[in-house]
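K.L.:
Here's a structure for you.
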Amino acid sequence: MDGLKEVVHRPVTMAAWREGTRDDPEPCREQDKGKFEVVVRDGRARIGRLHTEHGILETPALLPVINPNIRTIEPREMWDRYGIGALITNSYIIWKHDELKTKAQNDGVHELINYPGIIMTDSGTFQSYVYGDVEVGVEEIVEFQRSIGVDIATMLDVFSRPDMIESEVANCVDETLARAQKSIDAAQKTMLNGPIQGGLFKELREKSASEMGKFDFSVHPIGGIVPVMEQHRYKEYAKIMLSSLPKLPSNRPVHMFGCGHPMLFPMSIALGADLFDSAAYALFARDGRLLTPWGTEKIANLVDWPVTTPSIASLTPEEVRQMDGKERTKILSKYNLEVTLAELARCKQAVRDGTIWRMAERRSHQHPALREAFLWLITNPSLGQISNFSKDEMILDEKLASQETGSEKGAWEASWDWIVKSQTTPRKGGESWGGKDTLARPHIIAARHMMFTRWHSQNPLGVGSTDVLILHGRSGPWRERCDNLVTRLIHHAPGLEVMILTPIGLMPYSLEDVNPFTHIVGPDWIWRSRPDLSLIRNELDKFSMSDRRIITLDLNGDNLVDRALSKLVELEILDESIKSKSIEASDFEASQLQLRRRKAADKFALFFNVQSELSHELTSKSNFVINRQGRIKNVLSSSNKHLASFRLGDGGLSLNNDGAIELYSHRRRQLPTAFSDPEIFGYSGEGLAIVVVDDDAEPFIRQGRNVFHGFIIACDPWIRPNEACLIVNQRGELLGHGTSQCTSSELASFKKGIAIKTRDGIKNE
């Protein structure tokens, strides 16, 4: 039952740089060796922990390349000063040099390079790319890595260059696959890298990832990307990632072989990369080049440092230029390493904050090739919205220029959906406006899709049932300014649907506090733009309201209620006498209660995936606890059972035990008996996703303990990250409810970490 207990281990990657020595790492538990768990996620970006004999590595992580013969920065210093938890060195170089080979076999690779942390070794594949064929056998090189005590070895795969034709690359993929099982057998209990090849060919990358994923590897490096990066072909780099990563087992870290330039970190991490390695920190230093988050600078041209780091804090560029070559290289190597680690730390914090995509978006403007890659990501794959323009046609904007027009046109939607379906929504905090890029942020696309598919107009018969009122021109919060108006309209025109026009699209007024629609931070003009009726009509089509007449109302200005009523009278929706009539207090209170029930019903539909009819039935007699600001705090049943709570931070809805019991009682679908590919965008109205756990977990869940990976035996395919779910046993008894941390495929594959954060357990009566 140890797996049901949350065991805390300190990861070996530590953020603080310090003087002096650090303690050596503690080995992971024997049963956890090779396992990978995710502790924080932001879409496909994740902070994880990889368990090894020489510590637990927190990812995303950089593994600096160490040449055993040339140590610009000593490995021990990397551990002590910088807290670097893992290094990579080349086993082929060690194998080829007798003195190094003998010492490594006698004392181990950790003693050889004087480093206590995790050591990964490459196999010689990259040397074959640079120098030609290597002289070591497939099994021999893996056995050698095992014999010298590496933590993570690498099989001898076959490097595929970007200039190869498809048949040549196919041979590389097939030969690598043929070597896989032999390499795993040779590795025995040593963790092993299973590299993914395939060149620039989408189908071959997918094949390599799918087939290599069937073998028992611990990590999957993406190989063959160095020449692509050297040529600044970052769009091809992004394509390689989107071809490979969706086909790999989600419970294994993804290592971008040879990628160590900080400029590529945000986009790579946003797409799912976990590990990086590079010798760039030292190689660039030898040439007098400095790594920065926006590219590369030459020290020969510098008067001031582009980034200040501890290693050069007391030095000027001129003083460094005057140093002898060896000393200058060492200083610049430390500078490059510090800049690289700082950017990686910024990325990790962005993952924790839920802003990694926004960071990638901002960084994309810092290099033309990187911008090209990012624009391709947010235009070509997204939702099949591909423009049909000819090559002779003038290209009017950068997004149009980024779209595919050849055989790959429309080929990437599934890969893009893989990113979108993993998003957490809603989120706390403001949504910073970043121009048109904002509309393509995956979590915004996910939020819009969820609203289009789960929310439905009430469409009652009566006054206004053929119309929709669009409020525009002003940012939220809207309830203080508009609740009085909407309450009046519920009384006078109960069929009128009220919606708000935001910079990222339409939203129903009943969901006016839901992020990201509510808290868009930007200049006033993004709200003051004149309503585009064609855009509004397109949005209404997605809400199945295409037949409604559009009425717009500017929220700026005084006498909002009077202006609204006058417009409705002018359009003959209301009678002229309405303007002179005051609404009775009892009628106002009844309409106010109806508005609150509509808000609750629509949130039940949106966040609990409840059919519209059922959500209105569940809330038709509900009561509410209201806070001092007049906002709904708790939703109570007619018998005062606490069903759910409004989350004031993000506009979401939190489930309570009575609500879980009530929702489960309306389940009509049979319980899931297995895992299936995630279909997050399907199954609208099917209710909260079900997670079935084995009997060992039951008493812990009833006590409110979290559900750990390895104890789940089935789940519904539409389960979403950060969405409420119900937890049942194999007999269908409700055990509790919580918040899922992943998709259904991730629930199926992970064996370590928290799968469901349990909100509360259902005690046995």
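The values are calculated or read from the model by the stated rules, or taken from the named source; none is laboratory data. Given the structure is predicted, the values throughout are model-derived calculations rather than measurements. No Cβ is skipped: glycine too gets one built from the backbone with ideal geometry, and neighbour counts run over all protein chains shown.
K.L.:
Within the group 722, 764, which residue is in a loop (DSSP other than H, G, I, E, B), within 23 Å of the chain's Cα centre (by Cα), of a type in the set (S, T, N, Q) and surrounded by fewer than 21 Cβ atoms within 10 Å (Cβ to Cβ)? Break it down stepwise before answering.
P.N.:
Working: 764 fails: within 23 Å of the chain's Cα centre (by Cα).
Criteria check complete, one pass: 722.
K.L.:
Which one of these does residue 427 not meet: (1) of a type in the set (Lys, Arg); (2) in a loop (DSSP other than H, G, I, E, B); (3) closer than 23 Å to residue 611 by Cα?
P.N.:
(3)
K.L.:
If residue 651 passes every condition in (1) in contact with a helix residue (DSSP H, G or I) (Cβ under 8 Å, 6 or more places away or on another chain); (2) assigned to a loop (DSSP other than H, G, I, E, B); (3) farther than 27 Å from residue 427 by Cβ; (4) of a type outside the set (Phe, Trp, Tyr) but one, which one does it miss?
P.N.:
Single failed check for residue 651: (3).
K.L.:
Just give me the residues in the stretch 478-518 being closer than 23 Å to residue 597 by Cα and under 26 Å from the mean Cα position of the chain (by Cα), in sequence order.
P.N.:
As a first pass, look at the stretch 478-518 and keep what is closer than 23 Å to residue 597 by Cα: 478-501, 506-518.
Across the stretch 478-518, the qualifying residues are 506, 507, 511, 512, 513, 514, 515, 516, 517, 518.
K.L.:
Please list, ordered by first then second residue, the pairs with beta carbon atoms under 8 Å, 6 or more apart or interchain, first in the stretch 567-585 and not assigned by TED's automatic domain parsing to the domain that holds residue 467, second modelled with pLDDT under 90 and in a helix (DSSP H, G or I).
P.N.:
none
K.L.:
Would you mind stating whether residue 187 is more than 18 Å from residue 240 (Cα to Cα), free of Cβ contacts under 8 Å to residues at least 12 places away in the same chain and more than 29 Å from the chain's Cα centre (by Cα)?
P.N.:
Against the criterion (more than 18 Å from residue 240 (Cα to Cα), free of Cβ contacts under 8 Å to residues at least 12 places away in the same chain and more than 29 Å from the chain's Cα centre (by Cα)), residue 187 does not qualify.
K.L.:
What's the number of the only condition in (1) closer than 15 Å to residue 152 by Cβ; (2) of a type outside the set (Val, Ile, Thr); (3) out of contact with any His (no Cβ under 8 Å at 6 or more places or on another chain) that residue 98 fails to meet?
P.N.:
Status for residue 98: all satisfied but (1).
K.L.:
Still on this structure: Search the stretch 91-114 for residues being assigned to a helix (DSSP H, G or I) and polar (S, T, N, Q), and hand back the single one that is surrounded by the fewest Cβ atoms within 10 Å (Cβ to Cβ).
P.N.:
Going residue by residue through the stretch 91-114, those that are assigned to a helix (DSSP H, G or I) are 91-96, 98-107, 109-113.
From the residues that got through so far, the ones that are polar (S, T, N, Q) too are 91, 102, 105-106.
Values: 91: 30, 102: 12, 105: 16, 106: 10.
Taking the candidates together, the pick is 106.
K.L.:
Give all pairs with beta carbons closer than 6 Å in which a residue from the stretch 448-475 that is in contact (Cβ under 8 Å) with a residue 60 or more places away in the chain meets a residue that is of a type in the set (Ser, Thr, Tyr) and assigned to a loop (DSSP other than H, G, I, E, B); count only pairs at least 6 apart in sequence or on separate chains.
P.N.:
Every condition considered, the pairs that remain are 453/684; 454/684.
K.L.:
Sticking with this structure for a sec: State whether one or more residues within the stretch 635-646 are on the phi > 0 side of the Ramachandran plot and at pLDDT below 95. Talk me through it step by step, then tell me what you get.
P.N.:
Restricting attention to the stretch 635-646, the residues satisfying the condition of being on the phi > 0 side of the Ramachandran plot are 640.
From what is left, the residues that are at pLDDT below 95 are 640.
Yes - at least one qualifying residue is present in the stretch 635-646.
K.L.:
All but one of (1) closer than 19 Å to residue 488 by Cα; (2) surrounded by 15 or more Cβ atoms within 10 Å (Cβ to Cβ); (3) touching a Gly at 6+ places or on another chain (Cβ under 6 Å) hold for residue 539; which doesn't?
P.N.:
Of (1) closer than 19 Å to residue 488 by Cα; (2) surrounded by 15 or more Cβ atoms within 10 Å (Cβ to Cβ); (3) touching a Gly at 6+ places or on another chain (Cβ under 6 Å), only one is false for residue 539: (1).
K.L.:
Provide a single number: the residues in the stretch 658-702 that are under 20 Å from residue 721 (Cα atoms) and among the polar types (S, T, N, Q).
P.N.:
Counting residues in the stretch 658-702 that are under 20 Å from residue 721 (Cα atoms) and among the polar types (S, T, N, Q) gives 2.
K.L.:
Moving on. Please state which one of 591, 639 is part of a loop (DSSP other than H, G, I, E, B), in the same structural domain as residue 458 (by TED's automatic domain parsing) and either buried (at least 18 other Cβ atoms within 10 Å of the Cβ) or among the hydroxyl-bearing types (Ser, Thr, Tyr) (or both). Don't jump to the end; show me each part of the working.
P.N.:
Values: 591 fails: part of a loop (DSSP other than H, G, I, E, B).
Of the residues listed, the single one that is part of a loop (DSSP other than H, G, I, E, B), in the same structural domain as residue 458 (by TED's automatic domain parsing) and either buried (at least 18 other Cβ atoms within 10 Å of the Cβ) or among the hydroxyl-bearing types (Ser, Thr, Tyr) (or both) is 639.
K.L.:
Please report, ordered by residue number, the helices (runs of 4 or more DSSP H) entirely within the stretch 434-541 with at least 1 residues that are of a type in the set (Asp, Glu).
P.N.:
479-492
K.L.:
Still on this structure, please answer the following. Restricting the search to the stretch 679-691, which residues are touching a Pro at 6+ places or on another chain (Cβ under 9 Å) and surrounded by 14 or more Cβ atoms within 10 Å (Cβ to Cβ)? Don't jump to the end; show me each part of the working.
P.N.:
Within the stretch 679-691, the first condition is being touching a Pro at 6+ places or on another chain (Cβ under 9 Å), and the residues that meet it are 679-680, 682-683, 689-691.
Once the filter is applied, which keeps residues that are touching a Pro at 6+ places or on another chain (Cβ under 9 Å) and surrounded by 14 or more Cβ atoms within 10 Å (Cβ to Cβ), the stretch 679-691 yields 679, 680, 683, 689, 690, 691.
K.L.:
Looking at the stretch 603-612, which of its residues are assigned to a helix (DSSP H, G or I) and in contact with a His (Cβ under 9 Å, 6 or more places away or on another chain)? Let's see the steps before the verdict.
P.N.:
Start the filter on the stretch 603-612 by keeping residues that are assigned to a helix (DSSP H, G or I), which leaves 603-607, 612.
If the condition is that a residue be assigned to a helix (DSSP H, G or I) and in contact with a His (Cβ under 9 Å, 6 or more places away or on another chain), then 604, 605, 612 are the ones that fit.
K.L.:
Does at least one position in the stretch 61-84 carry a residue that is over 30 Å from residue 721 (Cβ atoms) and either in contact with a Cys (Cβ under 9 Å, 6 or more places away or on another chain) or among the small types (Gly, Ala, Ser) (or both)?
P.N.:
The answer is no, given that none of the residues of the stretch 61-84 is over 30 Å from residue 721 (Cβ atoms) and either in contact with a Cys (Cβ under 9 Å, 6 or more places away or on another chain) or among the small types (Gly, Ala, Ser) (or both).
K.L.:
Now, a different point. Could you tell me which of the residues 275, 245, 283 is within 22 Å of residue 89 (Cα to Cα) and either among the β-branched types (Val, Ile, Thr) or surrounded by fewer than 24 Cβ atoms within 10 Å (Cβ to Cβ) (or both)?
P.N.:
Numbers: 275 fails: either among the β-branched types (Val, Ile, Thr) or surrounded by fewer than 24 Cβ atoms within 10 Å (Cβ to Cβ) (or both); 245 fails: within 22 Å of residue 89 (Cα to Cα).
Criteria check complete, one pass: 283.
K.L.:
Also, quick follow-up: Among the residues of the stretch 363-390, write down those that are at pLDDT 90 or above and touching a Gly at 6+ places or on another chain (Cβ under 7 Å).
P.N.:
Scanning the stretch 363-390 gives 366, 367.
Each row is one residue, and each column tells you yes or no for (1) without any contact (Cβ under 8 Å) to a residue 12 or more places away in the chain; (2) acidic (Asp, Glu); (3) more than 21 Å from residue 747 (Cβ to Cβ); (4) surrounded by fewer than 18 Cβ atoms within 10 Å (Cβ to Cβ).
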{"position": "622", "(1), (2), (3), (4)": "no, no, yes, no"}
{"position": "643", "(1), (2), (3), (4)": "no, no, yes, no"}
{"position": "646", "(1), (2), (3), (4)": "no, no, yes, no"}
{"position": "655", "(1), (2), (3), (4)": "no, no, no, no"}
{"position": "677", "(1), (2), (3), (4)": "no, yes, no, yes"}
{"position": "693", "(1), (2), (3), (4)": "no, no, no, no"}
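K.L.:
Could you check the stretch 403-445 and list, in sequence order, the residues that are of a type outside the set (A, V, I, L, M), modelled with pLDDT of 90 or more and closer than 19 Å to residue 236 by Cβ?
P.N.:
If the condition is that a residue be of a type outside the set (A, V, I, L, M), modelled with pLDDT of 90 or more and closer than 19 Å to residue 236 by Cβ, then 415, 416, 418 are the ones that fit.
K.L.:
Testing residue 700 on (1) in contact with an Asp or Glu (Cβ under 8 Å, 6 or more places away or on another chain); (2) part of a helix (DSSP H, G or I); (3) not polar (S, T, N, Q), one condition comes back false. Which one is that?
P.N.:
Residue 700 satisfies all of (1) in contact with an Asp or Glu (Cβ under 8 Å, 6 or more places away or on another chain); (2) part of a helix (DSSP H, G or I); (3) not polar (S, T, N, Q) except (1).
K.L.:
Cβ contacts < 9 Å: first residue surrounded by fewer than 21 Cβ atoms within 10 Å (Cβ to Cβ), restricted to the stretch 341-352; second residue polar (S, T, N, Q) and not in a helix (DSSP H, G or I), any location; separation 6+ or different chain. Result?
P.N.:
Here the result reads 342/309; 349/355, each pair linking the stretch 341-352 to a residue that is polar (S, T, N, Q) and not in a helix (DSSP H, G or I).
K.L.:
Hey, could you check the stretch 143-179 for residues that are farther than 27 Å from residue 118 by Cβ and hydroxyl-bearing (Ser, Thr, Tyr) and say which is surrounded by the most Cβ atoms within 10 Å (Cβ to Cβ)?
P.N.:
Among those that are farther than 27 Å from residue 118 by Cβ and hydroxyl-bearing (Ser, Thr, Tyr), it is 160.
K.L.:
Something else about it: From 246, 227, which residue is in contact with a Ser or Thr (Cβ under 9 Å, 6 or more places away or on another chain) and not aliphatic (A, V, I, L, M)?
P.N.:
Working: 227 fails: in contact with a Ser or Thr (Cβ under 9 Å, 6 or more places away or on another chain).
Result of the check over 246, 227: 246.
K.L.:
Which numbered condition trips up residue 307, out of (1) at pLDDT below 95; (2) surrounded by fewer than 12 Cβ atoms within 10 Å (Cβ to Cβ)?
P.N.:
Failed condition: (2).
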